[in-house]
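The values are calculated or read from the model by the stated rules, or taken from the named source; none is laboratory data. This structure is a prediction, so every number in the text was calculated from the model and none was measured. Cβ atoms come from the backbone with ideal geometry, glycine included; neighbour counts cover every protein chain shown.
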Amino acid sequence: MNEVKTKNSMAFIKALNGVRDPAFALITAIVIVAIIIAAMGYNPLNAYRALFTSSVSSLGGWGETLQKSTLLIFTALSFAVAKKCGMINLGASGQLYMGGIAGMLVATTFEGLFSPIHIILVLLAGIAAGAVFGAIVALLKNLFGASEVVTSMMLNYVGQYFCTYLISGPMRGPGTDLAQSAPSLESARLPMLISGTRLHAGLLIAIAAIILYYFFMERTTRGYQMKVVGMNPSAGAYAGMKIKTNQLIAMAIAGGLAGLGGAIQATVINVRLTIDWAGNYGFDGLAVAFVGGMAPIGIAIASVLFGILLSGADKMQMLAGVPSSVIYLFQGIVILIIIGRELFDKFDIKTLREKHKAKIQNEKNLSAEKIIILNDASDRIPGKFVPSEAEKAAANANYAAKQISAAKAVVTKLLADKEVYEKAAADGDEGSMIMAKLAARQADDITKAAERMISERAAYEKTAIQKGGEA
Amino acid sequence: MEAFLGSLFQLAVPLLLCACAYLFSEKSGVENIGLEGLMLTGALFGVLGSYWTGSPYVGALLAMVMSMLLSLLFAFFTITLHSNQIVAGVALNLLASGITISLNRVFLTPANVVRVNGFHNIAIPGLSQIPVIGAFFNQTTLGYLAYFMVFVTWFVFYKTDIGLKIRSVGDNPTACDTVGINVNALRYKTVLYTGIMAGLAGAFISTGQLSAFSENMVSGRGFIAYAAVIFGNYTPIGVFRACIIFALGMAAQYRFQALETPISFYFWMMLPYIITIVALCLNRKKSNKPKFGGVPYIKS
């Protein structure tokens, strides 16, 4: 009974810690942005009031907020999936464009198709186009070693110009001189959830995507492999996982998610493809992913928070005159504070104590190393010296002895590591489980090698005595 | 042909200013994907400074100072707090986007500022009359400075003590620390220097080429400068070559747009970005990438 209680409180503290950083980051960012707004000569209170009243105080406001959250969920998941596998996907914007284009192609053709089938085709087209665009990034990295950070960013421009090319040429809507496509057919649009708002059934798909993301990452082998590859590529390779395949799949999923979001946004909200229709949505998702800590529930909450900001930003510009682009400032500050976590840990007494301990341990290790070096020096005898067979064997035996003691030290350390990992694994951290197994395996291997050395050493010592006797 | 070369020389200027400085930061072990944002900041403050005082030189100075302050923030987070450099760079880009767009809407849009005083070309008598390459000797002051900086970079990189230190810090920070080099202080210096020069590059984009600011006007050139260092295999001459090749792509893009080729001009607009991707894919047998590039140095 007591045990359950402590376990529960442990989980509570863990959850609290998980919330502490993003909450602190959000509050700090709100304060800093308020100062900046004031410095630009506006009243920050008025600005925030305009922002929040327009986005949360009415049904219509909530509809707009959740509509924005829907797209944010897709782009945030896109970034999170790739990040979990160790890839930085800055290409959500380009993937949105490609998904939107493919979805729109389907949505403007097949007139008279049964609506649910038409919608499913639109969504599948979006996923496929986005996945291909995302996979290109991983392929370029796997085949040629091109940094995914730059290639994904460059592909954003390619996607954007490709879209502009299409809508000013082959896909230009009939009867218009503007660069825009024909409107999506009614049968291809997802239904609205609340009439009179723009909140559409895409929200349900986004929630389903979050749940799928959770199950994929936590309950499937592939998701598990991706996490290991992301956390520790060499450990993953050691355990026989294919790093490149996992990264390719992660980027394809990431692209697919963004493409799905793009198809929904283009056909339901924008209705037509226009120049620069995807705006900054690709990067908005990045801030959401960081505030949400790449976790399913975190992303869900963060997407609502940022949905409020995005839907209220335009109203803030209209009512209070503050440029809506302060949202980017907000996002940048939030991300910086979250990744600069060490700033707060520095003032944490517990970490300070641990650091002190590590320092003392380090000094101890250093003095131990010095002793070994001194021993080495005494072994080296200056001048021309031809060792006899007996001396050679003795030296070999000596060397073997040193190796054995070194191996023993490594094994002790590995076993200690293993215990630490196992403790973490018992707390439910799955990544630690495989680390514990790896440590155990390595300790095993080294122990075996040490055993071999011991028998070798015995053989050398025997030879040394024999040869010494002969001489 | 002369017009083409003229635009090539001009388009290479911001890339050279930024990439030659960033080479030091990259070599000392700090990867800065936020070059884009730094250039954007420089572009805005270049115009603002010129708008307020009437002098593009004051604008360039303001651009350098503001961009340096922003990179100081970046340095604090990545070097002192050991944050992930790529993510911090993305945050820097978002910050710069927010700052520049907001200030543009506060100061420039309401005042309806269309043009400010920009840099003028200074033709060198005699030399600028040479056929074909004469265009090189008819540039703005910043243009001449950019090409001169290639030489300065090469000299500092190979012939000075600080260049040697920078090159070794990225490859083995621990060893450098043992021989008494202050790794983090050196990294701070390279990051701040990168900020100053990226700001100048941004000021050139807004006041040297167009005399105006528009939102997100850098359009990926910061990333292209970042790629130029990788494609140039982390040497000054290589970076120079890479910048010229990328500028060639941009100049060709403008040329083909004007020529009304059968291929749509939107495809030509993709050209610089596609060239960058292709350049990153050209593998090298021996990369000079610093072994500890992108890894924060934690003194134990």
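Which of (1) under 15 Å from the mean Cα position of the chain (by Cα); (2) over 30 Å from B:ALA123 (Cα atoms); (3) not aromatic (Phe, Trp, Tyr) does B:LYS27 not meet, given it meets every other one?
Evaluating B:LYS27 over (1) under 15 Å from the mean Cα position of the chain (by Cα); (2) over 30 Å from B:ALA123 (Cα atoms); (3) not aromatic (Phe, Trp, Tyr) leaves (1) as the failure.
Scan the range B:219-232 and tell me whether some residue there is without any contact (Cβ under 8 Å) to a residue 12 or more places away in the chain, within 14 Å of chain A (Cβ to nearest Cβ) and either part of a loop (DSSP other than H, G, I, E, B) or of a type in the set (D, E, K, R) (or both).
Initially, the range B:219-232 is screened for residues without any contact (Cβ under 8 Å) to a residue 12 or more places away in the chain, giving B:219.
The next check asks that each one be within 14 Å of chain A (Cβ to nearest Cβ); those that pass are B:219.
Imposing the further condition that a residue be either part of a loop (DSSP other than H, G, I, E, B) or of a type in the set (D, E, K, R) (or both) reduces the set to B:219.
Scanning the range B:219-232, I find at least one residue that is without any contact (Cβ under 8 Å) to a residue 12 or more places away in the chain, within 14 Å of chain A (Cβ to nearest Cβ) and either part of a loop (DSSP other than H, G, I, E, B) or of a type in the set (D, E, K, R) (or both), so the answer is yes.
Could you look through the range A:1-52, keep only residues that are within 14 Å of chain B (Cβ to nearest Cβ) and farther than 23 Å from A:LEU319 by Cα, and pick out the one that is modelled with the highest pLDDT?
Step by step, filter the range A:1-52, then rank; the result is A:THR28.
Where residues in the range A:157-171 are within 8 Å of chain B (Cβ to nearest Cβ) and assigned to a helix (DSSP H, G or I), which of them is nearest to B:VAL278 (Cα to Cα)?
Taking the range A:157-171 as the starting set, the residues that turn out to be within 8 Å of chain B (Cβ to nearest Cβ) are A:157-158, A:161-162, A:164-165, A:168-169.
Those still in the list that are assigned to a helix (DSSP H, G or I) too: A:157-158, A:161-162, A:164-165, A:168.
Details: A:TYR157: 15, A:VAL158: 13, A:TYR161: 18, A:PHE162: 18, A:THR164: 22, A:TYR165: 22, A:SER168: 27 Å.
By that ranking, first place goes to A:VAL158.
Criterion first (farther than 30 Å from A:GLY321 by Cβ, of a type outside the set (Phe, Trp, Tyr), surrounded by fewer than 16 Cβ atoms within 10 Å (Cβ to Cβ) and under 22 Å from the mean Cα position of the chain (by Cα)) does B:VAL152 satisfy it?
Values: farther than 30 Å from A:GLY321 by Cβ: yes; of a type outside the set (Phe, Trp, Tyr): yes; surrounded by fewer than 16 Cβ atoms within 10 Å (Cβ to Cβ): yes; under 22 Å from the mean Cα position of the chain (by Cα): yes.
Here the answer is yes, as B:VAL152 does meet what is asked.
Every residue, every condition in (1) touching a residue at least 40 places away in the same chain (Cβ under 8 Å); (2) at the interface with chain B (Cβ under 9 Å from one of its Cβ atoms); (3) in contact with a His (Cβ under 9 Å, 6 or more places away or on another chain), yes or no:
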| position | (1), (2), (3) |
| --- | --- |
| A:PRO296 | yes, no, no |
| A:ALA302 | yes, no, no |
| A:GLY307 | yes, no, no |
| A:PHE330 | yes, yes, no |
| A:LEU336 | no, yes, no |
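Which ranges mark the helices (runs of 4 or more DSSP H) fully within the range A:240-338 that have 1 or more residues being over 20 Å from the mean Cα position of the chain (by Cα) and under 23 Å from A:MET98 (Cβ atoms)?
Qualifying helices (runs of 4 or more DSSP H): A:243-264, A:296-320.
Mind telling me which of the residues B:ARG105, B:ARG115, B:ARG167 ends up being in contact (Cβ under 8 Å) with a residue 24 or more places away in the chain and out of contact with any helix residue (DSSP H, G or I) (no Cβ under 7 Å at 6 or more places or on another chain)?
Working: B:ARG105 fails: in contact (Cβ under 8 Å) with a residue 24 or more places away in the chain; B:ARG167 fails: out of contact with any helix residue (DSSP H, G or I) (no Cβ under 7 Å at 6 or more places or on another chain).
Exactly one residue qualifies, and that residue is B:ARG115.
Among the residues of the range B:255-300, what is the count of those that are free of Cβ contacts under 8 Å to residues at least 40 places away in the same chain, in contact with a helix residue (DSSP H, G or I) (Cβ under 8 Å, 6 or more places away or on another chain) and surrounded by 12 or more Cβ atoms within 10 Å (Cβ to Cβ)?
15
Select from the range B:205-218 the residues that are hydrophobic (A, V, I, L, M, F, W, C), surrounded by fewer than 24 Cβ atoms within 10 Å (Cβ to Cβ) and not in a helix (DSSP H, G or I) and list them in ascending order.
B:ALA212, B:MET217
Just one of B:THR100, B:THR109 is crowded, with 22+ Cβ neighbours inside 10 Å and β-branched (Val, Ile, Thr); which is it? Outline the logic, then answer.
Values: B:THR109 fails: crowded, with 22+ Cβ neighbours inside 10 Å.
Selected residue: B:THR100, the only one of B:THR100, B:THR109 that is crowded, with 22+ Cβ neighbours inside 10 Å and β-branched (Val, Ile, Thr).
Yes/no per residue for (1) in a helix (DSSP H, G or I); (2) within 24 Å of A:PRO116 (Cβ to Cβ); (3) modelled with pLDDT under 90; (4) of a type outside the set (Val, Ile, Thr):
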position: A:MET154; (1), (2), (3), (4): yes, no, no, yes
position: A:ASP177; (1), (2), (3), (4): no, no, yes, yes
position: A:GLY196; (1), (2), (3), (4): no, yes, yes, yes
position: A:LEU212; (1), (2), (3), (4): yes, yes, no, yes
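For the range B:118-146, which residues satisfy the criterion of being within 12 Å of B:GLY208 (Cβ to Cβ), aromatic (Phe, Trp, Tyr) and touching a residue at least 24 places away in the same chain (Cβ under 8 Å)?
Matches in the range B:118-146: B:PHE119 only.
Can you name the condition, by its number, that A:ILE210 falls short on among (1) touching a Pro at 6+ places or on another chain (Cβ under 9 Å); (2) without any contact (Cβ under 8 Å) to a residue 60 or more places away in the chain?
Every condition holds for A:ILE210 apart from (2).
Kindly list, by first and then second residue, each pair from a residue in the range A:241-269 that is buried (at least 24 other Cβ atoms within 10 Å of the Cβ) to a residue that is assigned to a helix (DSSP H, G or I) and among the basic types (Lys, Arg), limited to pairs with Cβ atoms under 8 Å and residues at least 6 apart or on different chains.
Final answer for the pair search is A:ASN246/A:ARG222; A:GLN247/A:LYS141; A:ALA250/A:LYS84.
Search the range B:123-168 for residues being among the aliphatic types (A, V, I, L, M) and not in a helix (DSSP H, G or I), and hand back the single one that is modelled with the lowest pLDDT.
Ranking the qualifying residues of the range B:123-168, first place goes to B:VAL132.
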